[in-house]
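Derivation of every value follows stated rules applied to the coordinates shown; laboratory data play no part. Model, not experiment: these values are computed from the prediction. Heads up, the Cβs are rebuilt from the backbone with ideal geometry, glycines too, and the neighbour counts pull from every protein chain shown.
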Amino acid sequence: MSTSSGDYTTLVPVTGEAVALDLRLAQFPSRTLALALDLLIQAVALFLVFLLGSLVLSTADGAVVAAVSLVGVVGVLVAMPTLIETLTRGRSVGKLAAGLRVVRDDGGPVRFRHAFVRALFMIVDFWLLLGSVGLISSLVSSKGKRLGDHFAGTVVIRERVPAAAGVRILGYAMPPSLEGWASSLDLTRLPDVTVMQTRQFLSRATSIDPNVRATMGMQLAAEMSSYITPPPPPGTPPEVFLMAVLTERMRRATGQDRARPVYSEQPVYAVPPTAAAVSPLAPRQEGPFSLPS
């Protein structure tokens with residue numbers, strides 16, 4: 001479902017399918033429950049691997065048994081959780097039961113490399129030292145991150161929250177005229193930190209002084225435009241440009257059908273006419289962005 005404001009359609013991604021600002025971090029009890037379920041599943045899988053291995057390889061050479069056992073352990077402790085979190089976009093069996101999800105630090109969905117790093121460090125966090133490293137890291141971190149989260153750049157959030165909690169969802173505006181341009185963007189060089197800064201700016205734009213808002217929007221647009229191609233059409237307002245890029249990035253990251261996107265019924269954020277008219281982007285060939293005089 002979508003709503004319109006002037007010439008712009010406000011897209012409000014649904015939690016878990018896109019980006020939720022002011023994310024509700026998972027609390028220690030719920031993370032412990034999810035972890036306990038996941039570790040129990042891994043322990044059962046390891047038991048079955050060794051049981052089947054002992055039955056099938058009872059007459060095999062010791063080196064063969066050791067090699068097969070190593071492959072089985074790596075498969076259970078690394079390959080299995082990596083595959084599950086990648087395919088479910090951050091949910092393991094335990095997290096699904098506890099209503100949790102793993103997301104990137106910028107709020108976006110995790111990919112294979114994030115899931116792989118988390119699974120790799122799970123061996124250090126919990127299996128090698130009986131959970132002491134993971135426990136200390138989670139207690140020290142303000143976001144409850146274990147060692148794997150720090151290296152993967154991820155955080156665990158609560159996906160199921162009461163309606164009264166009032167989680168704010170960030171909506172993006174994509175002008176119809178920019179649909180074609182956005183679909184042709186090369187976003188491979190766009191760093192996560194720039195995306196995170198832009199999301200934070202857009203989520204607070206309505207509460208920022210108009211002059212400061214215009215300056216920050218221009219600066220962020222200048223930085224983001226240096227990482228993407230092709231350049232935006234001449235005259236595109238900075239905030240509209242930023243939201244168009246983030247909308248396209250969100251669509252690609254979540255695999256959203258462009259013709260049937262997921263919308264919320266009520267827009268939370270839209271570009272007001274005054275902001276849309278301030279500081280249009282200069283064409284790329286004219287040099288750096290200039291701040292409004």
field: Separation of the residue 196 and residue 143 label points, Cα + 7 Å toward Cβ, nm
entry: 0.5
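Listed highest first by mean packing, meaning other Cβ atoms within 10 Å per residue, what order do 232-242, 110-120 come in? If you can, show how the numbers build up before the last one.
On the way: 232-242: 21.8, 110-120: 20.0.
Highest to lowest by the protection proxy: 232-242, 110-120.
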task: Mind jotting down the distance between the C-alpha centroids of segment 109-162 and segment 37-55, whole Å?
output: 22
Proxy reagent accessibility, fewest Cβ within 10 Å first, across 59, 88, 198: 59, 88, 198
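Over segment 28-163, calculate the relative contact order: mean separation of alpha carbon pairs under 8 Å at least 6 apart, over the residue count, as a percent.
Values: 167 pairs, mean separation 32.0, N = 136.
Value for segment 28-163: 24 percent.
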- line: Of segment 28-72, those with amide N under 12 Å from the point 7 Å along the Cα→Cβ vector of residue 79 are 68-72
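Grab the beta carbon distance between residue 206 and residue 58, set R0 = 51 Å, and tell me the FRET efficiency rounded to 0.05. Walk me through the numbers before you get to the answer.
Working: r = 69 Å, r/R0 = 1.36.
Plugging the Cβ-Cβ distance into 1/(1 + (r/R0)^6) gives 0.15.
Give me 95, 143 ranked fewest to most by other Cβ atoms within 10 Å of their Cβ, as a rough exposure proxy.
On the way: 95 26, 143 15.
Lowest to highest Cβ neighbour count: 143, 95.
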